[in-house]
Every structure is written in C-alpha cells, then in structure tokens.
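S.K.: Take this structure first; my questions come after.
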Amino acid sequence: MQCPLPPGLACLTREPASPSQGDNSKDKPSSVHDKNAPSMMPEPGRALAIACVLAAMVLVVLNTAIANVALPTIAGSLHVAPAMSVWIITAYQAALLMALLPCAALGESLGYRRVFTLGVMLFTGATLLCSLAPSLPWLIAARLIQGLGGAAVMALGIALLRSVVPSQLLGAAIGWNALAVALSSAAGPALGAVILSTTSWPWLFAVHLPLGAFVLLTTRALPDSQGTANRIDLLSVMLNAGAFATLIVAIELCIDRPAIAAALLAASGIQLAVLVKREMPKKAPLIPLDLLRSNSFSFSVLASVFCFAGQTAGMVALPFYLQHSLGQEALMAGLYMIPWPLTVALAAPFAGRLADQWSTAWLCFVGGLFLATGLGAAALWQLKGIPLLLVPFTMLCGLGFSLFNVANNRNMFLSAPLERSGAAGGMQGTARLLGQTAGAVIMTLLFTLSTAEAAPQIGLALGAVLTFLAALVSTLQSRRVA
C-alpha cells in the first residue's frame with residue numbers, strides 16, 4: 001500500500017528529470033559524489049521510508065519543544081526548586097552532544113537502519129519512563145536515555161534520506177525535513193500549553209507513544225544497508241563523551257562559579273585534544289577529521305555554528321524584548337514570535353527546490369544576509385511602542401534561516417562520500433547544538449553584565465553579526481575540494 005504524501009513531497013518518490021542543458025552552476029556540490037548515488041527504491045517503499053524519517057524527526061523535536069514549556073509545572077508537581085528542574089533540559093542536551101558522533105560511527109559500522117531503529121526504540125521506551133517518573137532523578141535519568149536515542153535519529157535521519165532519494169532531489173528532501181522540524185518546534189509550546197491546561201504533566205510525554213509506535217512499525221521500509229563492520233573505539237567514545245559532558249557542566253557554572261567552569265573547560269579541551277590525536281591516523285575517525293579536511297565541508301560546519309549561535313541569541317532575546325521593552329504580556333509575546341518559525345516552515349520546501357537548482361554557497365549567503373538584516377532591524381529600528389512592526393523583521397529572519405539551513409545542510413552532506421553520510425549527520429547535529437549552546441551562553445552573559453532592558457537589543461545585534469559572519473563563511477564553500 002502506498003503512503004499518501006503531499007504533492008511536493010510526493011515528487012521525491014519519482015525519478016528526477018534529466019538536468020537541462022542550460023544548467024551551468026559551476027559550484028553546485030550535487031555532482032561531487034554522484035557516482036555514489038543510491039539505488040532507486042520502488043515508489044511505495046520510498047514514500048513510506050521518507051514518511052518514517054520525517055515522523056521520527058517530529059517525534060524527537062516535538063517532545064523537546066513540549067518539555068521546555070513544562071518546567072515550572074513539573075518543578076511544582078515534584079516539589080523541587082525551579083533551578084533544579086532545568087536539569088531536565090540540560091540532561092537531554094548533554095546526552096545529545098555526547099552521543100551524536102558515536103551514534104553516527106555506530107550507524108556506519110552496523111548499518112543505518114539498525115542503529116536508527118535502536119535509537120527510536122530507546123527514545124520511545126525512555127518517553128514511557130518519563131511519563132511514569134515519580135521523582136526528579138528518575139525523570140532526569142529518563143531524559144538522558146531519551147537524548148541517547150534522539151542522537152541516533154538526528155545523526156542518521158538525513159543519511160537515510162540520502163540513501164532513499166537521488167542526489168538531484170536531496171535539497172528537496174532536506175527542505176521537507178526542515179519543514180517537519182520547524183512545524184514541530186512551532187507547535188510544541190502550544191500543544192504543551194493545551195495538555196497542561198487539561199491534564200497532568202506526565203501526558204506531555206505519553207502523547208508521543210503512538211507516534212513512536214508508528215515510526216517503529218515503518219522502519220522496515222528503510223533501506224537495509226550493510227555496515228562497514230569497523231570496530232568502535234570505546235576509549236575514543238569515552239573521551240568524546242567526557243569532553244562534551246564537562247563542556248556542558250562548565251557552561252552551566254560559568255556565571256556562578258567561574259573558577260570551576262574554567263577548570264572544566266580546560267579539562268574538556270584536553271580530552272578533545274587527546275581524542276583528535278588518537279583519531280587522526282584512522283581512515284574513518286569518530287570525529288570526522290577526514291571530512292573536515294575538505295574546504296566545502298569544514299566551511300559548512302563553521303557557518304552552521306555561527307548561524308545557529310546568532311539565531312538562538314535572537315530567539316532568546318526576542319521574547320524578553322517584547323515583554324521588558326515593549327510591555328507585552330507573555331501570551332502576546334508568544335503570538336508575536338509565531339511568524340518566525342511559521343515562515344521557516346512555509347519556506348523550507350521552496351528552499352529545498354532552490355538548493356537543488358542553484359549554487360548552495362550563494363544561497364547560503366543570501367539566506368544569512370536576510371537573517372542578519374532581520375535581526376539587525378529588530379535591534380535598531382525605532383518601534384515607538386508598536387510591536388507589530390517586528391513581524392516583517394521576524395518573517396525575514398524565518399525566510400533567511402530556512403534558505404541558509406537547507407542549502408548549507410545539502411552542501412555539507414554532498415561534500416561527504418555516501419559511505420560517510422552518518423559521520424556528516426553527526427557533525428551537522430554537533431555543529432547545530434554547539435551553535436545553540438553558544439547563543440544561549442551569549443544571552444546569559446548579557447543578562448548578567450547588562451540590564452534586562454538593554455540586553456535583548458544587544459543580543460539581537462550580536463545575533464545579526466554572527467549570522468552575517470555565517471553568510472560570509474558560506475561564500476567560501478564554492479572553493480571546494482572535489
């Protein structure tokens with residue numbers, strides 16, 4: 001039975017048309033590894049495989065977005081301090097960072113479908129544990145397990161899409177993946193609010209169980225590629241986990257206990273240096289040093305870090321700007337935030353098609369420039385107490401982020417050989433999380449060193465600078481190594 005898909009997504013299940021004679025984009029990366037193009041699956045199987053990957057992304061992103069809005073309610077229900085409840089989020093983010101690269105390596109060794117399915121099983125089982133949690137330590141432990149499962153989904157999702165669709169349509173597939181992520185991020189807070197207003201907080205997690213069951217059932221449609229059977233270096237995995245774990249804890253302590261934070265940062269750097277030295281001689285290293293030697297790939301990773309740092313700083317600053325400087329209630333501030341993720345979602349399929357037809361380097365530059373312009377205008381424009389004027393700026397941010405992210409991800413994956421798609425996915429997820437963490441740290445420092453009224457506008461301006469840097473770095477992608 002064929003899985004019904006929207007018309008735009010259904011095009012991914014058909015053979016691509018031959019490229020026109022007039023297509024002379026010299027720096028498009030789509031031809032770099034066309035010799036590694038995947039074998040074509042039958043249309044019904046391909047449609048179900050795409051639906052499986054997108055549903056898994058929705059499962060992971062929606063769960064996270066819902067959990068973020070529930071911290072005050074969970075803290076009150078479990079009788080813990082609000083500051084302690086933040087570890088519900090921190091534990092999940094730490095597990096993601098610790099596990100993304102190992103999950104990517106495991107996927108390449110054992111096969112993408114096997115590790116992806118194991119990740120979905122782990123995530124769904126941990127979701128059940130979250131819904132049954134009687135105490136905060138139980139919930140934090142379950143969130144750690146969720147992060148480990150979510151890392152497998154995030155690291156291998158696009159790698160599986162790449163094995164399902166031809167390279168000529170990878171941009172479109174990434175666009176639909178971005179649409180699923182954006183809609184889940186936008187819908188999460190509203191869905192969480194509805195659940196909390198009608199029932200108890202454990203249902204925030206329990207509502208995801210049917211979707212988890214659906215994803216598990218449809219993983220059989222994914223291509224069952226053979227892994228390389230490379231041995232996983234457990235010491236390298238431990239060094240990777242230790243480096244990111246100490247980094248996360250250092251970030252949490254950087255304001256209250258700077259001396260301890262500095263020591264932890266040094267420990268993180270030492271572990272990372274030892275890990276790089278250990279992995280350097282390997283053909284398929286845990287940290288994809290082989291891929292980072294490519295200018296195209298490394299510039300995509302760096303641009304991603306800058307972009308997500310700037311975007312996160314802007315997203316954190318904006319609600320404070322609306323409430324503290326423009327006098328909006330929390331509900332109205334939330335409504336004014338909606339145009340940004342909604343524009344990301346609406347533009348994602350369009351961005352995917354453009355990325356398949358135009359130079360990804362310059363599409364990233366245009367997207368980064370739009371995002372920087374929107375953030376800069378939000379920071380500097382004299383609103384005169386009229387928050388509605390922010391809407392076109394946030395929509396420009398959403399359009400720019402969508403153009404940049406889809407094109408940059410496409411370039412990143414097509415700069416890597418097909419057999420290293422898992423490593424590319426792990427590095428892409430790591431770059432995103434590092435950027436998001438940096439953006440959050442920037443805003444934490446600004447709120448500490450400045451006033452609540454000034455910090456949001458400074459944060460928006462810094463976000464504009466960072467995303468402009470992402471745009472500039474993206475232009476270097478065209479000087480790629482074939």
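The values are calculated or read from the model by the stated rules, or taken from the named source; none is laboratory data. What you see is a predicted model; the values in this text were computed from it and never measured. No Cβ is skipped: glycine too gets one built from the backbone with ideal geometry, and neighbour counts run over all protein chains shown.
S.K.: From the list Ala461, Ala470, which one is modelled with pLDDT of 90 or more, under 23 Å from Ala173 (Cβ atoms) and part of a helix (DSSP H, G or I)? Don't jump to the end; show me each part of the working.
M.R.: Numbers: Ala461 fails: under 23 Å from Ala173 (Cβ atoms).
Checking each option against the conditions leaves just Ala470.
S.K.: Sticking with this one: Is it fair to say Thr13 is at negative phi, assigned by TED's automatic domain parsing to the domain that holds Leu191, at pLDDT below 85 and hydroxyl-bearing (Ser, Thr, Tyr)? If you could, list the steps in order and put the result at the bottom.
M.R.: On the way: at negative phi: yes; assigned by TED's automatic domain parsing to the domain that holds Leu191: no; at pLDDT below 85: yes; hydroxyl-bearing (Ser, Thr, Tyr): yes.
It is false that Thr13 is at negative phi, assigned by TED's automatic domain parsing to the domain that holds Leu191, at pLDDT below 85 and hydroxyl-bearing (Ser, Thr, Tyr).
S.K.: Another question, if that's okay. Are any residues in segment 92-140 of a type in the set (D, E, K, R) and touching a Gly at 6+ places or on another chain (Cβ under 7 Å), and if so, which ones?
M.R.: The initial filter retains those residues of segment 92-140 that are of a type in the set (D, E, K, R), namely 108, 113-114.
If the condition is that a residue be of a type in the set (D, E, K, R) and touching a Gly at 6+ places or on another chain (Cβ under 7 Å), then Glu108 is the only one that fits.
S.K.: Additional query: Name the single residue, out of those in segment 215-226 being assigned to a helix (DSSP H, G or I) and under 22 Å from the mean Cα position of the chain (by Cα), that is surrounded by the most Cβ atoms within 10 Å (Cβ to Cβ). Reasoning before the result, please.
M.R.: The first filter runs over segment 215-226 and keeps only residues assigned to a helix (DSSP H, G or I), leaving 215-221.
Pick out the ones that are also under 22 Å from the mean Cα position of the chain (by Cα) and you get 215-216, 219.
Details: Val215: 26, Leu216: 16, Thr219: 23.
Looking at the filtered set, the residue picked out is Val215.
S.K.: Pull out all pairs, ordered by first then second residue, where Cβ-Cβ is under 7 Å, the residues are six or more apart or on different chains, the first lies in segment 150-162 and is without any contact (Cβ under 8 Å) to a residue 60 or more places away in the chain, and the second is among the β-branched types (Val, Ile, Thr).
M.R.: Ala152/Val115
S.K.: Looking at segment 61-90, I want the residues that are closer than 15 Å to Ser131 by Cβ and of a type in the set (Ser, Thr, Tyr) and have a partner that is at pLDDT below 75 and not in a helix (DSSP H, G or I) with Cβ atoms under 6 Å, at least 6 apart or on another chain. Which pairs are those?
M.R.: Cβ pairs passing all conditions: none.
S.K.: So, one more: Can you run down the residue pairs with Cβ atoms below 8 Å, 6 or more apart or on separate chains, where the first is in segment 443-461 and outside the structural domain of Leu322 (by TED's automatic domain parsing) and the partner is surrounded by fewer than 16 Cβ atoms within 10 Å (Cβ to Cβ) and part of a helix (DSSP H, G or I)?
M.R.: none
S.K.: Also, quick follow-up: Among the helices (runs of 4 or more DSSP H) confined wholly to segment 98-204, which include 3 or more residues that are at pLDDT 90 or above, surrounded by fewer than 24 Cβ atoms within 10 Å (Cβ to Cβ) and not assigned by TED's automatic domain parsing to the domain that holds Gln357? Walk me through it before giving the result.
M.R.: Numbers: elements: 112-131, 136-164, 170-198.
Counting at least 3 such residues, we get 112-131, 136-164.
S.K.: Right, something else. Within the bounds of segment 377-387, is there any residue that is crowded, with 24+ Cβ neighbours inside 10 Å and of a type outside the set (D, E, K, R)? Spell out the reasoning first.
M.R.: Looking only at segment 377-387, we keep the residues that are crowded, with 24+ Cβ neighbours inside 10 Å, and these are 378.
Imposing the further condition that a residue be of a type outside the set (D, E, K, R) reduces the set to 378.
Within segment 377-387 (the criterion being crowded, with 24+ Cβ neighbours inside 10 Å and of a type outside the set (D, E, K, R)), the answer is yes, since at least one residue qualifies.
S.K.: Then there is this: Considering Ala263, Ala229, which residue is assigned to a helix (DSSP H, G or I) and either within 18 Å of Leu118 (Cβ to Cβ) or at pLDDT 85 or above (or both)? First the steps, then the outcome.
M.R.: On the way: Ala229 fails: assigned to a helix (DSSP H, G or I).
Every option except Ala263 fails the conditions.
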